[in-house]
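Data block below; observations after.
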Amino acid sequence: NKDKVERFISHKDLGDITLQMLKKMNFKKFEITEKSTTNLADAKSESLNFSKNPDGWLLLTGNTGVGKTHLAAAIASERISSFKPVYFGFLPSVLERLRNFNDGEPNNFFNFLIQHPFLIIDDLGSQTNTIWAEEKIYQLIVSRHNNLLPTVITTRASNVKEDLAFSPQINEAITSRLTDIKNVNEINIKSKDFRS
């Protein structure tokens, strides 16, 4: 099965996910030590459930070092081990890749992202905001939300409406979709920075 997974990985464009990440950042390795003061157990079980039964969107918010990327990578790992489609993109890398499409058809990768059956965007808000970057993020979020395609987004913005800094006209459209309680399950992870 391990060989099959490695073959699957080598033949698919899975984005920024690597074998090393899959080995290190999966649900088995997501340890919960401080049970009483955190909601890590809930975040873990919601993420695992979403990886198997994606319905709407999953938004993981919280400070740096609480495990958002680990959970997002664990969702990707779970889907890969079941040979289900997934694309994991670290937002600055996604934007870089979009910007560097020089083959005359820059829309191919963008359409791939918009239409992908299961997209994970890691670290929304970490990008350098240019008018172009904001427009691409806006188009991606609006298109996927309109089509209700399963999407996982991580962000350090604990309060999405206040902490994400986009230009005003775009900000409202993005935050309205990220805070859509009917279709977006937001988990604000409360824990200490595990790296410190």
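The values are calculated or read from the model by the stated rules, or taken from the named source; none is laboratory data. Here the structure is a predicted model, which means the values were calculated and not measured. Neighbour counts are summed over all protein chains in view; Cβ atoms, including those assigned to glycine, are modelled from backbone coordinates with ideal geometry. Side chains included, ligands, DNA and RNA excluded: accessible areas come from the protein's heavy atoms. Shrake-Rupley method; radii C 1.70, N 1.55, O 1.52, S 1.80 Å.
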message: Probe of 1.4 angstrom, ligands and nucleic acids ignored: what's the accessible area per residue over the chain, in square angstrom?
response: 53 Å²
query: When Lys and Arg each count +1 and Asp and Glu each count -1, what net charge do the other residues less than 14 Å away from Ser167, Cβ to Cβ, add up to?
result: -2
task: Please sort 64-72, 44-52, 160-168 by packing, taking for each peptide the average over its residues of neighbouring beta carbons within 10 angstrom, highest first.
output: 64-72, 44-52, 160-168
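Mind checking the full-extension length gain between Asn185 and Arg99? Use 0.36 nm per residue of separation minus the Cα-Cα distance, one decimal, nm.
Separation in residues times 0.36 nm, less the Cα-Cα distance, equals 27.9 nm.
Go ahead and run the numbers for FRET between Ser167 and Glu46, Cβ-Cβ distance against an R0 of 25 Å, rounding to 0.05.
So the FRET efficiency works out to roughly 0.20.
Provide the gained length on full extension for the span Glu6 to Phe112, in nm with one decimal, where the gain is 0.36 nm per separating residue minus the Cα-Cα distance.
On the way: separation 106, 0.36 × 106 = 38.16 nm, distance 2.22 nm.
Extra length from Glu6 to Phe112 when fully extended: 35.9 nm.
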task: Kindly state, to the nearest 0.05, the FRET efficiency for Ile32 paired with Phe83, given R0 = 45 Å and r defined as their beta-carbon distance.
output: 0.95
statement: Rounded to a whole %, the carbon-and-sulfur portion of the accessible area of the chain at a 1.4 Å probe is 49 percent
